[in-house]
Structures are given as structure tokens and as C-alpha cells.
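Every read-out reported here was derived from the displayed coordinates using simple, explicitly stated rules and does not represent laboratory data. Just so we're clear, the structure is a prediction, and the values are computed from it rather than from any experiment. Cβ placement follows ideal geometry from the backbone for every residue including glycine, while neighbour counts extend to all protein chains displayed.
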Amino acid sequence: MKGLMMEYPLTLTHLLERVRKLYPHKEIVSRMPSGLHRYTYGEYYERVCRLANALRSLGVQKGDRVATFAWNHYRHFELYFAVPCLGAVLHTLNIRLFPDQIAYIVNHAEDQLIFVDDSLIPVLERIQPQLKGVKGYVIMTDSERLPETSLSPVYDYEALLREADPHFEFPTLEEDDAAVMCYTSGTTGNPKGAVYSHRALVLHTLVECLPDGMALGERDVVLPIVPMFHVNAWGLPFAATLVGAKQVYPGPHLHPRDIAELIQQEKVTLTAGVPTIWLGMYELLQSERYDLSSLRTVIIGGSAAPRSLIEGFEKRFGISITHAWGMTEMSPLGTVSKLKSHLEQLPEEERFAYRAKQGIPAPFVELRAVDDQGREVPWDGQTMGELQVRGPWIIRSYYNDPRTEEAFDDGWFRTGDVVTIDPEGYIQIVDRTKDLVKSGGEWISSVELENAIMAHPKVKEAAVIALPHPKWQERPLACVVPKEEFKDKITKDEILEFLRDKVAKWWLPDEVVFVEEIPKTSVGKFDKKALRKQFEDYTWPTTPDEI
Ligand code: ADP
């Protein structure tokens, strides 16, 4: 028997209509450079309709790509629904990429329009001559007048909305229609595009809200610190809308103090971002007091959350961290680390060890790890393999990109992450394949070393890179940023001594260098590629004869 159920495409439009009907009085708050902006979902809906009309009048057709070049705020969020619900494709450009990469992406995606924050105009002005296909730039500004710009033609976002009809009949879409696209940050070669369908985003949203996912509900107050150009702010704007939660957007100021104030003031219950943000916050909270008791949990992902951070937040500040793993190619949710109930009886040490892992696969995400010969490795928590995944919100190919072929293995997406999977199904990311230290035929996990070093009380950040070595092929170099008060008051030997009972002897970094900061990628992760470049001419001070 077939055709049993109603034809009911899973599209984002349903989320938008639902929030209008059920939660019109709930608030959306944005911290703009000009001050706090507040309005309700009811007002939001009307502006989304106006925006959809404006997009139509600018000639946007089904399937057209409409780009954003913006921080996290309510206008960006308006585009999040207006563009896909109109049938067009929202393309969130990463504002921190190199100009040439941005130009490549805009041209590759064939963006028709770019919606840009006034503060970010200069970046686009520089590359405009390369952006031949863009038919217009829409400027999002709080000021009465548009700033002077060489971008052309330009439109004023607020003027467009004022002039547009507040009613819009959203078209019926198919669930396989494209809704959003996002490019990887391109640590090697040009960025690659991932296009998400409505169906993928709806299913992803549902699963994200589950109790063992982010457990989102109407009572939550959600603050996405992760940028809206970094895989849809990990799906939080969609998830918060589905359940009718209050949303808070931080705008361009992301200093830990700005974030702590916002959490305190708006009584945020759930927030999310990469570890670097929380390492900074952890330091701040040691010297300044904020009432963050509204926080139910902080989602950390994007790179490994050091166990010491998870433990420290919980023990010192009563803030619970949820570690999660995902990828641009996975919309992005892959795994979430929550303790299964029967593991709650374990001693504290083991409980934190589980929670520092990246977690178990979300429903509908299937995963396996394979060795060099393509054989699946056992779920024993020991054997390493390359993680492969499949599921309804994982891309089937990169957008118009020949690199698709090498990224898939018999219907599975190859993540490029090396993992172990334990008998409970928790994965642990050992490293990215390209960041592993290959020493004398064995692998050293740079992630594990970094996390061990960052547990040192004098250390703020640490990144470990592999450098060529005459005898061992590669050996680890640790780059360490001391906490402000311990600058020049920490030694290499202290670090090595601290590591001695935590990692195998042959894992100990051959050298520890103290640096001002670790370079960060466009989405705030440690930029190992930049760090390797910084140390490309490095020569080891001594050749260790015994490792
Ligand atoms: P980019 O490749 O630009 O960094 P992504 O955000 O798509 O963009 O990166 C996905 C990768 O980030 C994963 O393949 C993995 O290596 C890393 N990653 C994501 N979350 C975690 C995590 N919780 N722990 C360790 N690594 C993570």
C-alpha cells in the first residue's frame, strides 16, 4: 500500500506560520551597535512578509541565490525565513574569509543579491569588481541614511520594507527544494558548497529539539553566539522558531563581557559557540561576577571542548556544558554528548570522561569508522578509524564541485575526522586526519595533547602541530598562550611535568613555545594551517635521542 498519508511537504514555511499563530507575543532581541532592539514574532512575521514582497519586486525567482553578509541580528533572521519560504536559496556568506575566497563563493553560487551590514560594506567594495553576476546590494543599517559606498546598485533594507506590502501568500514548496546554502571555510583549497533542502532542515530542527539533543522548548531563551554564517548558527534560529522560544542575537560585539551581560540581562537559558569563546568566558568569570543562573546549558562544538573546561564550568560556576560535534556538510548536527542514565552512577572521573567525548549519534545519523583498508573498526573505544556518516540532513554532493567524488565512499560521507567509538556508541574525535602527528609510524592526537595542556591552571590556550622531524618523520610542537597573570611566569618544564602522568611518554611535545595568541580560523577555531606556516622554518633545538 502506498499513498496512505496526506501530501504534506516538510518545509520551513510551517515553522514560520506556526510561530505567527501560536507565539506572536514572544520576543526577539538583538544587540545592535545602536543599542538593544526588541520586537515580537508577530512583528517579525509582518516584516518577513514585507521582505518577501521586496525580494519579489527585486526580481528574485524560485531557486535564485540570495546572499547575506552579516552579523547575528534580527534582520539576518528575517532573511532566514523570507528567502527560503519564497522558494529562493539563502546563502550565508562567511564574513571572515579572505576577500578572494568570498569572491570565489559569490561567483560560484551565482548570488543575485547580497544583503550586507553597513559595517561590512568595505569588504565587499574591495571585491565588487570581481562580482560580475550580483545584481544589487541591499544595505542593512540603523541610520536614517545609507552610508556613502561605491557598491552599486544599492538598496536600503528599511526603505524596501516600508514600501512593501505587509501581506504575502507564501508559495507551496516541495520538501526537496533547496532552502539554504553554506560553504566550508576552506582550510585547504577553495571552499566547498553545501546546499540544504527544506526537508533536511525540518528534520534536523526536530531532532535538535529532542531532550537528548538540545532539549529546546517554548520556555527557552536562545542566544546563538555561533555566527549565522556558520552552518545556520548550528540550526538554532530554526529550532527556536519551531518551539516558539525567545531569541537573542548578539550582533557584532562578542567579547566575553558583552556575552555575559546579555545572558544576565535577557535570562538566556541556552547558548552555543566554539570553545574559544568559552575559554575567554571562563577567564572572565574568574575575575568578574555575573548572574548566569538562568543558563540551562551551553552547547560547545566546532572543535574539541577541553574536558578541563567542561569540568571547570560545572564545578566553579554551576554551568553545564553540552559537547556536540557536527560539520557544514551535516547541517551540522552529528553527535551530542549527554550521559545515558545508567552511566550516571559512574565515578565522577568517568562521567566527565564521557561528557568530554563528542557524544552519540543523533537519531537518523548513522556512523561508522573505517581503517586504511576500508574495513569497519570495532566499537571498542580504542581502535581509530576515519569517521563516515550518512543520514537525511547530510549532503549527497558538494554544490557543482568535482571534489565530491573523493568525499564519498559507497554512499557514506567521509568526514576527514579520525575517531574511536566506544561500546556505548560515544565517539571521540582523535584528530582531523590532516592534523594528526605521525610519529615513527604511530599517531599522536594533537587534540588530546592540547586538551591536556589546557587543563594546566596557568594556561589559557594551547595548540599542537606536527613538524617534520629527521628521525621520527613528525613530532609535536606545543604552542601555548599563558593566562594574562602568568605571562613569563611559566616554563616548558612545568608543562611537560604536568603532562607526564597524563599522556604516553612518546607523546610529550618535543618543544613548548609560548606565544601571544593562537591564530584563529574564520569561525574561531584554532587555525593549525596558519600555525604550521608560522613555524615552517622552525628547527628543533635538540634532536631527542630518547622518546
Ligand atoms: P570548517 O571545516 O570550516 O572548520 P566545519 O564547522 O564544518 O567547518 O568543521 C567541521 C569539523 O570541525 C569537523 O569535521 C571536526 O573536525 C571539527 N569539529 C566539530 N565539532 C567538533 C568537536 N566537538 N570536537 C572536535 N572537533 C570538532
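In table form, for the structure just shown:
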read-out: Cα-projected label distance for GLU43 with ASP165, points at 7 Å along beta-carbon direction, nm; value: 2.5 nm
read-out: Relative contact order computed over the chain (Cα-Cα under 8 Å; 6+ residues apart), in percent; value: 10 percent
read-out: Estimated FRET transfer efficiency when R0 is 22 angstrom, pair ARG289-GLU497 (beta carbons, to 0.05); value: 0.10
read-out: Rg followed by Dmax, in Å, when the chain is reduced to its Cα trace; value: 23.6, 76
read-out: C-alpha center-to-center spacing [segment 16-34, segment 294-347] in angstrom; value: 28 Å
read-out: Taking segment 314-365 and dividing mean pair separation by its residue count, relative contact order in percent (alpha carbons under 8 Å, at least six apart); value: 37 percent
read-out: Sequence-distant residues sharing a close amide H with ASP431 (under 5 Å, placed H); value: VAL418
read-out: Percent of C-alpha pairs per 5 Å bin, segment 305-364, short to long; value: 4, 18, 25, 25, 15, 9, 4, 0
read-out: In nm, spacing of pseudo-spin labels at SER152 and ASP371 (7 Å Cα→C-beta vector); value: 6.5 nm
read-out: Amide H contacts under 5 Å for ASP64, placed H, 5+ residues apart; value: VAL89
read-out: Relative exposure of SER57, SER439, judged by other C-beta atoms within 10 Å (fewest first); value: SER57, SER439
read-out: Expected 222 nm ellipticity per residue - DSSP helices of 4 or more, -39500 (n - 2.57), all of the chain, to 500; value: -8500 deg cm²/dmol
read-out: Whether segment 173-286 is rounded, prolate or oblate, judged on the alpha carbon gyration tensor where a/c under 1.5 counts as rounded; value: oblate
read-out: For SER294, residues with placed amide H under 5 Å, excluding near neighbours; value: none
read-out: Euclidean distance of C-alpha centroids, segment 78-147 and segment 257-278, integer Å; value: 27 Å
read-out: Alpha-carbon Rg/Rh ratio, for segment 83-141, with Rh computed the Kirkwood way; value: 0.94
read-out: Segment HIS342-ARG432, length gained on full extension (0.36 nm per residue, minus Cα span); value: 29.3 nm
read-out: Whichever lysines have a C-alpha closer than 17 Å to that of LYS267, once near sequence neighbours (fewer than 8 apart) are set aside; value: LYS26, LYS246
read-out: Hull shadow area, averaged, segment 435-534 [alpha-carbon convex hull, nm²]; value: 6.3 nm²
read-out: Cross-link partners of LYS132 among aspartates and glutamates (Cα-Cα below 16 Å; sequence separation of 8 or more within a chain); value: ASP64, ASP100, GLU110, ASP111
read-out: Shape category assigned to segment 432-488 from the gyration tensor of Cα positions, a/c cut at 1.5; value: prolate
read-out: Candidate aspartates and glutamates - alpha carbon under 16 Å from LYS528, same-chain residues fewer than 8 apart omitted; value: ASP417, ASP431, ASP435, GLU448, GLU450, GLU461, GLU474, GLU516, GLU517, GLU536, ASP537
read-out: Peptide ranges 170-179, 368-377 listed from the most packed, as the mean C-beta count within 10 angstrom indicates; value: 170-179, 368-377
